[in-house]
Amino acid sequence: MNLPTLHNMMLFVAEKMVESEPTLTALDQVIGDGDHGIGMKRGFAAVMVQINDPNFNPKDVGDFFTQIGTKLMTSMSGASGAIFGTFFRAGGKSLSGVTDFTTQALADLLNHGWQAVYARGNAKPGDKTMVDALAAAAEKAATLTTCDLKTALPQIADAAMAGAEKTKQMVAVFGRAKNLGERAVGHVDPGSISMAYIIKYMNEFIQK
Ligand SMILES: [Mg+2]
């Protein structure tokens, strides 16, 4: 996928994330403080403005994702902005000089993004966070690097959503959900759904 198509794909993803605000808000009202959907909406609305700006001319795929991460970090408040910003910034930094967005590039984005999110907050798989979706996606992508994106993305998106659904059974280690203890069991982590949605919408774009 070349850079202009990547612009279009992430513009589609950003639009869909903005549209997902009511769903994310409803999920976060159950086990969080109810602001996750609003934060994601604010961040991805800012990304839409960024991508549509004629002066936005990232030099390669890595620079593209790094700049998106910086925009999320500076436009969203709270932990989600830091986490999703770190994911895109660190993933982007690993793709410096890359001009073709392939399954290998996606696998690198996911893996380096995951390692950076872990380094920042120590969230491991099983802690009921976005890492549960991200780690599942990264591990699946690593097995599909020789496939084209159109073949690989449905499987990576399914793995991410399965990872997010697994958070239902988990007791939270971080955030407000931690205070709920066992009462958070039975409810998904909203951040894990956001992570899974980002990949789901990438897939929807590429299958169009
Ligand atoms: Mg919150």
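The values are calculated or read from the model by the stated rules, or taken from the named source; none is laboratory data. Keep in mind it's a predicted model, so treat the numbers as computed, not measured. Glycine also receives a Cβ, built like all others from the backbone with ideal geometry; neighbour counts cover every protein chain displayed.
Among all residues of segment 42-58, there is at least one that is surrounded by fewer than 24 Cβ atoms within 10 Å (Cβ to Cβ), among the aromatic types (Phe, Trp, Tyr) and touching a helix residue (DSSP H, G or I) at 6+ places or on another chain (Cβ under 8 Å). Regarding segment 113-121, can at least one residue be identified that is at pLDDT below 95 and more than 20 Å from Met17 (Cβ to Cβ)? Yes, segment 113-121 has at least one match.
If the condition is being within 16 Å of the ligand (Cβ to nearest atom), assigned to a helix (DSSP H, G or I) and closer than 17 Å to Trp114 by Cα, then segment 125-183 contributes only Thr167.
Cβ-Cβ contacts under 9 Å between residues 6 or more apart (or on different chains), taken from a first residue in segment 14-38 that is on the phi > 0 side of the Ramachandran plot to a second residue that is buried (at least 18 other Cβ atoms within 10 Å of the Cβ) and of a type outside the set (D, E, K, R), are listed as Gly34/Thr25. Is it true that some residue in segment 99-121 is without any contact (Cβ under 8 Å) to a residue 40 or more places away in the chain, out of contact with any Gly (no Cβ under 8 Å at 6 or more places or on another chain) and aromatic (Phe, Trp, Tyr)? There is at least one residue in segment 99-121 that is without any contact (Cβ under 8 Å) to a residue 40 or more places away in the chain, out of contact with any Gly (no Cβ under 8 Å at 6 or more places or on another chain) and aromatic (Phe, Trp, Tyr). Taking every residue in segment 171-185 that is free of Cβ contacts under 8 Å to residues at least 24 places away in the same chain and pairing it with any residue that is polar (S, T, N, Q) and in a helix (DSSP H, G or I), at least 6 positions away or on another chain, the pairs with Cβ-Cβ distances below 9 Å are Val185/Gln169. Residues that are of a type outside the set (Ser, Thr, Tyr), farther than 24 Å from Ile68 by Cα and in contact with a Ser or Thr (Cβ under 8 Å, 6 or more places away or on another chain) occur at least once in segment 188-207. The combined condition, being assigned to a helix (DSSP H, G or I), touching a Ser or Thr at 6+ places or on another chain (Cβ under 7 Å) and closer than 20 Å to Asp189 by Cα, is not fulfilled by Asp108.
Specify the residue that is nearest to the ligand (Cβ to nearest atom); the eligible residues are those in segment 1-25 that are assigned to a loop (DSSP other than H, G, I, E, B) and of a type in the set (S, T, N, Q). Per the stated criteria, the residue is Ser20.
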